[in-house]
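The values are calculated or read from the model by the stated rules, or taken from the named source; none is laboratory data. Everything numeric here is computed off the predicted structure, so don't read it as measured data. Cβ atoms come from the backbone with ideal geometry, glycine included; neighbour counts cover every protein chain shown. Note: accessible area is taken over every heavy atom of the protein model, side chains too, but ligands, DNA and RNA are not part of it. Shrake-Rupley method; radii C 1.70, N 1.55, O 1.52, S 1.80 Å.
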Amino acid sequence: DAAVRNEAALDVAAFGPEVVPRLREVARWPWPASQSAVLALSRANSEESHAALVDLADNHPDQRVRTLAAIALGRSIGHKD
């Protein structure tokens, strides 16, 4: 259930930087687990979570995860003229 996943992601984010390595691993799992990991990283609010989001936005093989991480970083998305 998406609501349960999202609530769990927010609870995990409260643990701070120490959960970032595990969230990086989960972000490599198939969607929607990767989606929840990006949400948790965006809420963890640390230098480590920011670095993880940058890596995901730039390098994740799934476009959905790259886009979600980019949004979490406040990057513009979509076509660029």
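Condition test on L41, is it modelled with pLDDT of 90 or more and touching a Leu at 6+ places or on another chain (Cβ under 9 Å)?
Yes.
Out of region 1-25, which residues are without any contact (Cβ under 8 Å) to a residue 12 or more places away in the chain, within 19 Å of R64 (Cα to Cα) and among the aliphatic types (A, V, I, L, M)?
A3 - this is the single residue of region 1-25 that is without any contact (Cβ under 8 Å) to a residue 12 or more places away in the chain, within 19 Å of R64 (Cα to Cα) and among the aliphatic types (A, V, I, L, M).
Could you list all residues from region 17-40 that are part of a loop (DSSP other than H, G, I, E, B) and surrounded by 20 or more Cβ atoms within 10 Å (Cβ to Cβ)?
A27
Please specify each residue of region 41-61 satisfying the condition of being closer than 23 Å to E7 by Cβ, out of contact with any Pro (no Cβ under 8 Å at 6 or more places or on another chain) and open to solvent by less than 90 Å² (accessible area, probe 1.4 Å).
L41, S42, A52, L53, L56
In region 7-16, is there at least one residue being in a loop (DSSP other than H, G, I, E, B) and either surrounded by 18 or more Cβ atoms within 10 Å (Cβ to Cβ) or more than 13 Å from the chain's Cα centre (by Cα) (or both)?
yes
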